[in-house]
Amino acid sequence: MDIQVGDKLQMKKAHPCGSSVFSVLRVGIDFKMKCDGCGHEVMLPRVKAEKNVKKIIREDLP
């Protein structure tokens, strides 16, 4: 899966705050993501994060 820093990920399950969209802050063996609803930062193993991604929202710059 091609996930890059700055992408927004819509996850299958929502965060406890109700938002299901996360911004990617760091990519590697683990993903560091920030919830767009409450701002909470979480780190997930790559395998678990890629399994739970519903859609990648990429903001293309001109």
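The values are calculated or read from the model by the stated rules, or taken from the named source; none is laboratory data. Everything quoted here is computed from the prediction, not taken from an experiment. All Cβ positions, glycine included, derive from the backbone under ideal geometry; neighbour counts span all protein chains shown. In case anyone asks, the SASA skips ligands and DNA or RNA and just uses the protein heavy atoms, side chains included. Shrake-Rupley method; radii C 1.70, N 1.55, O 1.52, S 1.80 Å.
Counting only other residues whose beta carbon sits under 12 Å from that of Lys12, what net charge do I get with K and R as +1, D and E as -1?
Its environment carries a net charge of +4.
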- Evaluate the distance, in nm, between pseudo-label points positioned 7 Å from the Cα of Arg58 and of Leu25 along their respective Cα→Cβ axes. 2.3 nm
- For Gln4 and Lys51, calculate 0.36 nm times their separation in residues minus their Cα-Cα distance, and state this gained length in nm to one decimal. 15.3 nm
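Under the rule of -39500 (n - 2.57) per DSSP H run of 4 or more residues, summed and divided by the residues of the chain, what mean residue ellipticity at 222 nm is obtained, to the nearest 500 deg cm²/dmol?
About -2000 deg cm²/dmol.
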- Message: If packing is taken as the average number of other Cβ atoms within 10 Å across a peptide's residues, how do 6-17, 37-48 rank, most packed first?
- Response: 6-17, 37-48
- Task: Leaving out ligands and nucleic acids, note down the accessible area per residue over the chain with a 1.4 angstrom probe, in whole Å².
- Result: 68 Å²
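Could you tell me what fraction of 2.2 N^0.38 Å the Cα radius of gyration of segment 7-62 comes to, as a two-decimal ratio?
So segment 7-62 has a normalised radius of gyration of 1.06.
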- Where does the charge balance sit around Val24 when Lys and Arg score +1, Asp and Glu -1, over other residues with C-beta under 9 Å from its C-beta? +3
- Query: Of the heavy-atom accessible surface of segment 17-62 (probe 1.4 angstrom), what whole percent is carbon and sulfur?
  - Reply: 54 percent
